[in-house]
1. Return the only residue of 425, 514 being more than 16 Å from ligand 2 (Cβ to nearest atom) and within 18 Å of residue 390 (Cβ to Cβ).
2. Restricting to the range 518-534, give me the number of residues that are free of Cβ contacts under 8 Å to residues at least 40 places away in the same chain and in contact with a helix residue (DSSP H, G or I) (Cβ under 9 Å, 6 or more places away or on another chain).
3. Do we find that residue 335 is in contact with a strand residue (DSSP E or B) (Cβ under 6 Å, 6 or more places away or on another chain) and either within 28 Å of residue 384 (Cβ to Cβ) or within 14 Å of ligand 1 (Cβ to nearest atom) (or both) in this structure?
4. Could you please find all residues in the range 401-420 being within 27 Å of residue 458 (Cβ to Cβ) and in contact with a helix residue (DSSP H, G or I) (Cβ under 8 Å, 6 or more places away or on another chain)?
5. Go through the range 277-331 and give me each residue that's of a type in the set (D, E, K, R) and either over 26 Å from residue 343 (Cα atoms) or out of contact with any Ser or Thr (no Cβ under 8 Å at 6 or more places or on another chain) (or both).
6. Any idea which of 77, 134 is buried (at least 16 other Cβ atoms within 10 Å of the Cβ), among the basic types (Lys, Arg) and either without any contact (Cβ under 8 Å) to a residue 24 or more places away in the chain or over 30 Å from residue 37 (Cα atoms) (or both)?
7. If residue 379 satisfies all but one of (1) touching an Asp or Glu at 6+ places or on another chain (Cβ under 7 Å); (2) away from ligand 2 (no atom under 16 Å from the Cβ), what's the number of the condition it fails?
Amino acid sequence: MTFSIHGLAVARGIAIGRAVLVAASRVDVAHYFIDASLVGNEIDRVRRGRNAVVDEIHRLQHSISLMGPKDTPHELKALLDVHLMLLQDEELIEGVKHWIKERLYNAEWALTTQLEVIGRQFDEMEDEYLRERKSDLEQITERVLRAMQGETVPAIPALRAARKSSQADLQLDDTVDVPLVLVAHELSPSDMLQFKQGVFAGFVTDVGGKTSHTAIVARSMDIPAVVGARTASQLVRQDDWLIIDGDAGVVIVDPSPIILAEYGFKQRQVELDRGRLSRLLNTPAVTLDGQKVELLANIEMPDDAPGAVRAGAVGVGLFRSEFLFMGRQGKLPDEEEQYRAYRQAVEGMQGLPVTIRTVDVGADKPMGSPYKEESHLNPALGLRAIRWSLADPSMFVTQLRAILRAAAHGPVQMLVPMLAHLSEIRQTLALIEQARAELRRDGLSFGPVELGAMIEIPAAALMLKTFLKHFDFLSIGTNDLIQYTLAIDRADESVAHLYDPLHPAVLRLVADTIAECNAQGKSVSVCGEMAGDTSLTRLLLGLGLRSFSMHPAQILAVKQEVLRVDTSQLRGWAESVLQADDPQTFMAS
Ligand code: PEP
Ligand code: MG
């Protein structure tokens, strides 16, 4: 039966494929495709993992049998029997074999997929005792996974990424060569990075807002995604056929042939549009009245740099360095590792400037244990970004040293997130000086960097003169500026309808920041999601912005807008949008 689920449109395009449900706790399990010749090998790995756990249980049963009946807890015996029974369950074993043979999933992925399938059946059981056996099933899966650790075979990354282009001609058959779309309750930004390998053609999550970091990473991967789809992970079943309409924010489950044909057509249109845009790659971004516009890339990892160059970026306007710090169980990267990563990004940009933002963890970018950010009541208002860095100066100086050293290899700008206080500015500048002094003392070479501050907190936008006394440039982080101006948690889908880039207060802060920088001859860019939103390009140009930093996939679409406008005719109109009670109504005029 066809039905649709509505969420938030976050990454454009259409994906058609089979659902892969991943439980939040299982996201860190490796997902890759195996070569067909390794099917037997993978099945053996699961078998060996299972046998190891069976042996372990037998040993436990034996030691229990040696105890006197008084010392033997009856519940423990019963529990071990249940675990043995589950381990030998035909449905589990046959299911795992199915995913390996028919879909070429690696062993761990096959096991957790089958866990999902059987877990659903347990959820639906009337009998409470049986329903609760789901947790036993999870426990034994965990133990089998642990027993399998260290036996992983090499992945075949991105085996199916190439199929993205042929989805339009898709037939709903059971061949292995079908695209897969990931459905999860929640994914952290670092989970998303794992999926950057290209295994999935689209994403759906129950939670998340338009500018949550999970959504941002999905956009940077340039694959269709819908977040905030609330109950999607409960309504969709493993292996269901899905259409993800990333433009409308809709997920269609079990589509009929007519719907499928319609979306196949739309998908071809999207591909044609992309083909057309690619002709603009080497065209300079200059408006009709000769204004040069700088189109920069936002990146998460150093190996995103070559892709940014290929997408036509003239530099990196935002390298979110925190992605090097996340998903490592709190083990921070040392100076050498960071230096290598920043240098790789600098060299990858082939002489184009790279803006490295100092670490911005916290809020919806948790570090993972042992950092317990989740325990804070309001993580977005807590120890985040520069506050986190200043709370641990030696960690911060390590990062500053690494960035300064990378600057010896090409043009680097350093950007500091979430500043609001003069005291924070002073401490930051003092630590940068300290890092330079240490490098001199240690005889390590380093390069010059321009220093910039992000304008993300209304307080910062209201004290621009102070900021401009200390910094060479400003970068407006509209994602957070909107969040903090309107008191809307950007990751919370229940208030997503209130997240409004065109709110008059937001526009005022953005406009004033641009105007003040222009008046003082300092450079300013926007690096939040507003920069990549083509419906806002004209307005930002009209407000005087000439530097936009966005996920690389958006660069050509924004360039197309730039090429079409005459900024001298936009100024008056932008001013009236700024003065309007309801700017949205002026946007179309
Ligand atoms: C922003 O807040 O607009 C920004 C670019 O930073 P991030 O999205 O990483 O918080
Ligand atoms: Mg921000």
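1. On the way: 514 fails: within 18 Å of residue 390 (Cβ to Cβ).
When all the criteria are applied, what remains is 425.
2. Of the range 518-534, the ones free of Cβ contacts under 8 Å to residues at least 40 places away in the same chain are 518-519, 521, 533-534.
Now drop any that are not in contact with a helix residue (DSSP H, G or I) (Cβ under 9 Å, 6 or more places away or on another chain), which leaves 533-534.
The number of residues fulfilling the criteria is 2.
3. Working: in contact with a strand residue (DSSP E or B) (Cβ under 6 Å, 6 or more places away or on another chain): no; either within 28 Å of residue 384 (Cβ to Cβ) or within 14 Å of ligand 1 (Cβ to nearest atom) (or both): yes.
For residue 335, the condition - in contact with a strand residue (DSSP E or B) (Cβ under 6 Å, 6 or more places away or on another chain) and either within 28 Å of residue 384 (Cβ to Cβ) or within 14 Å of ligand 1 (Cβ to nearest atom) (or both) - is not met.
4. Quick first cut of the range 401-420, residues within 27 Å of residue 458 (Cβ to Cβ) only: 413-420.
Within the range 401-420, 414, 416, 417, 418, 419, 420 meet the criteria.
5. Within the range 277-331, the first condition is being of a type in the set (D, E, K, R), and the residues that meet it are 279, 289, 292, 294, 300, 303-304, 310, 320, 322, 328, 331.
Residues satisfying the conditions are 279, 289, 292, 303, 310, 320, 322, 328, 331.
6. Details: 77 fails: buried (at least 16 other Cβ atoms within 10 Å of the Cβ).
After applying the criteria, what remains is 134.
7. Among (1) touching an Asp or Glu at 6+ places or on another chain (Cβ under 7 Å); (2) away from ligand 2 (no atom under 16 Å from the Cβ), the lone unmet condition for residue 379 is (2).
This table checks each residue for (1) assigned to a loop (DSSP other than H, G, I, E, B); (2) buried (at least 21 other Cβ atoms within 10 Å of the Cβ).
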site: 328; (1), (2): yes, no
site: 331; (1), (2): yes, no
site: 346; (1), (2): no, yes
site: 359; (1), (2): yes, yes
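The values are calculated or read from the model by the stated rules, or taken from the named source; none is laboratory data. Small disclaimer: the values here were computed from a predicted structure and weren't measured. Please note: Cβ atoms are built from the backbone with ideal geometry, for glycine as well, and neighbour counts cover all protein chains shown.
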